[in-house]
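Note sheet for the following structure.
The values are calculated or read from the model by the stated rules, or taken from the named source; none is laboratory data. Keep in mind that this is a model prediction, so the values were computed, not measured. Cβ placement follows ideal geometry from the backbone for every residue including glycine, while neighbour counts extend to all protein chains displayed. These accessible areas exclude ligands, DNA and RNA; they are computed on the full protein's heavy atoms, side chains included. Shrake-Rupley method; radii C 1.70, N 1.55, O 1.52, S 1.80 Å.
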Amino acid sequence: MNIIELSFERVFNKPPEAVCFAPGRVNLIGEHTDYNGGHVFPCAVNLGIRCAASCRSDGVIRFFSENFKNDGIKEYSVADLSLQNAWSDYPVSVIRAFKAFGYPLPNGADFWFSGDLPDGAGLSSSAALEVATGTMLRELFSIPVTEQEIAVLGQFAENRFIGVNCGIMDQFASAMGLSECAVLLNAETLEYKYAPIGDAALIIVNSGVKHSLAASAYNDRRRECESALRALKARSLCSLTPCEFEERKYLISAPVCLRRAKHAVYENQRTLDGADALAHGDLQAFGKLMNASHRSLRDDYEVSCEELDFLAETAQNICGVYGSRMTGGGFGGCTVNLMESGVAEKFINTIRIAYKQRFGIIPEVYKIKVGNGAEIIKDR
Ligand code: GLA
């Protein structure tokens, strides 16, 4: 028995029937475009959440997380899946989503989770938790859903039950990622293609800042984009090219909505251009687009913060770094940095020292590998 199975047994007094893994993600470019009908370009990372589980037949669903050990076992009944204001509301919401989509509800189960994604760092630990739960439900109860549907169910769970109006990017990357590739996803049609990222090094730097209002600020951004869209009378903000946007932008009267819309339209174009540059092996061009993305997120979308700006600007000035930008929803969390593989060590030292001098803490740095989407480690 391996460590995961032993840990499960220590908590639930029986071995698990199945074990799976769902990764977190890092987005290379295409931020705040998914819910505006645009493109995103994320990769699954080799950090994520492991889940072990087994069925029960008494109508009880129990959850345990090694990361929230102090919370003990969280218990719900199949008949009443009301949220309890706890971490376990995420997996419960996924079960509710499966129910809402007409899949048969299990008559009980025990779930164990353990993750190595930093919490609240913008690497999608919640999407990984949702996708791990969906992948496990499919395995335990032989539910006929595809990986893509698991991503959609995870997003539905988060929108409907958790109350964060996120787009599809995080769940899609966690469910559909592919080793050594970024995924160019059209978030409107869910058409996607894989793009090898070559041998450049990808390093994530965690600012350590967690913005407690991130969820409400995220929902505010969505509302501002919707208001700009109503004025523009387009199908979605990202259905407009930058040229079309420039011609019509006078229709948006609120300056703040104009800035949000401008970011979405140009960021979508940067994402398409970035995928193109990568396909031609032009990492310099790709990096410049990443830098421009950061500026736009800082100035027009206003989702960066002093610490992220400092990390991105410091990184952009290190020789051998192609590009650096904040990644994920923002208001704290991480930067993603793309560089020649030979400069990785120098980069890590420089950024650690500079951040410590400025903010008094040594930031966590992850040299990540681009991994696969969710997979079963032990089947039933
Ligand atoms: C969060 C959301 C995603 C996406 C990003 C911003 O990670 O979950 O859907 O909107 O923010 O790009």
**Prompt:** Hey, if we sort His32, His39 by accessible area with the 1.4 Å probe, largest down, what's the order?
**Reply:** His39, His32
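Suppose all protein chains stay in the model; what accessible area per residue would a 1.4 Å probe give for the range 129-245, in Å²?
On the way: 4790 Å² over 117 residues.
Accessible area per residue: 41 Å².
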**Complete:** Sorted by accessible surface (1.4 Å probe, heavy atoms of the protein chains only), largest first, Asp89, Asp199 come out as Asp199, Asp89
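Mind giving me the FRET efficiency for Ser57 and Arg230? R0 is 56 Å, r the Cβ-Cβ distance, nearest 0.05 is fine. Don't jump to the answer; show the numbers that get you there.
On the way: r = 51 Å, r/R0 = 0.90.
Between Ser57 and Arg230 the formula returns 0.65.
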**Fill in**
Heavy-atom accessible area with a 1.4 angstrom probe orders Thr314, Thr327, Thr350, most exposed first, as Thr350, Thr314, Thr327
**Fill in**
Nearest 10, in degrees from 0 to 90: the angle of helix 147-157 to the longest Cα principal axis of the chain is 90 degrees
**Prompt:** Between Asp80 and Ile376, what is the spin-label point distance in nm, taking each point 7 Å from the Cα along the Cα→C-beta axis?
**Reply:** 3.4 nm
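Ranking request for peptides 215-221, 250-256: highest mean number of other beta-carbon atoms within 10 Å first, then the rest in descending order.
Details: 215-221: 15.9, 250-256: 12.7.
Ranked from most to least packed, the peptides come out as 215-221, 250-256.
Give me the compactness ratio for the chain, meaning the Cα radius of gyration over 2.2 N^0.38 Å.
Values: Rg = 20.8 Å, N = 380, 2.2 N^0.38 = 21.0 Å.
Against the compact-globule rule of thumb, the ratio is 0.99.
Please give the net charge around Tyr301, taking every other residue with its beta carbon less than 14 angstrom from that of Tyr301, where Lys and Arg add +1 and Asp and Glu add -1. Could you put the intermediate results ahead of the total?
Details: positive: Arg221, Arg222, Arg223, Arg259, Arg260, Lys262, Arg270, Arg295, Arg298, Arg325; negative: Glu31, Asp34, Asp220, Glu224, Glu267, Asp299, Asp300, Glu302, Asp309.
Once positives and negatives cancel, what remains is +1.
For the chain, what is the calculated [θ] at 222 nm in deg cm²/dmol (nearest 500), taking -39500 (n - 2.57) for each run of four or more DSSP H residues and dividing by its residue count?
-13000 deg cm²/dmol, from helical runs alone.
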**Message:** Need one number: nm distance between label points at Ser341 and Lys193, each 7 Å from Cα along Cα→Cβ, rounded to one decimal.
**Reply:** 2.5 nm
**Fill in**
Between Cys243 and Ile362, Cβ-based FRET efficiency (R0 56 Å, step 0.05) works out to 0.80
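Could you sort the peptides 262-273, 46-57, 70-81 by per-residue average Cβ neighbour count (10 Å cutoff), highest mean leading?
Working: 262-273: 23.9, 46-57: 21.9, 70-81: 13.0.
Averaged packing, sorted descending, gives the order 262-273, 46-57, 70-81.
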**Message:** Tell me the accessible surface of Cys305 in square angstrom (1.4 angstrom probe, heavy atoms of protein chains only), to the nearest ten.
**Reply:** 30 Å²
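In the range 214-301, what percent of the accessible surface is made up of carbon and sulfur (1.4 Å probe, ligands and nucleic acids excluded)? Provide the component values of the computation, followed by the final result.
On the way: 2180 of 4190 Å².
Of all accessible area on the range 214-301, carbon and sulfur atoms account for 52 percent.
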**Request:** Would you mind checking the pairs Lys262/Lys369; Lys193/Lys369; Lys233/Lys262; Lys288/Lys356; Lys69/Lys356 and listing those with alpha carbons more than 23 angstrom apart?
**Result:** Lys262/Lys369; Lys288/Lys356; Lys69/Lys356
**Item:** Zone of Asp116's modelled label, taken as backbone nitrogen in the range 184-226 under 16 Å from a point 7 Å along Cα→Cβ
**Value:** 204
**Asked** Helix 283-299: angle to the longest alpha-carbon principal axis of the chain, degrees 0 to 90, nearest 10?
**Response** 90 degrees
**Prompt:** So what are the ³J(HN,Hα) numbers for the range 109-114, from phi and the Karplus equation (6.51, -1.76, 1.60; θ = phi - 60°), rounded to whole Hz, Gly and Pro as x?
**Reply:** 6, 10, 10, 10, 10, 8
**Complete:** the range 36-76 scanned against label point 7 Å out from Asn107 along Cα→C-beta; backbone N under 20 Å for 53-63, 76
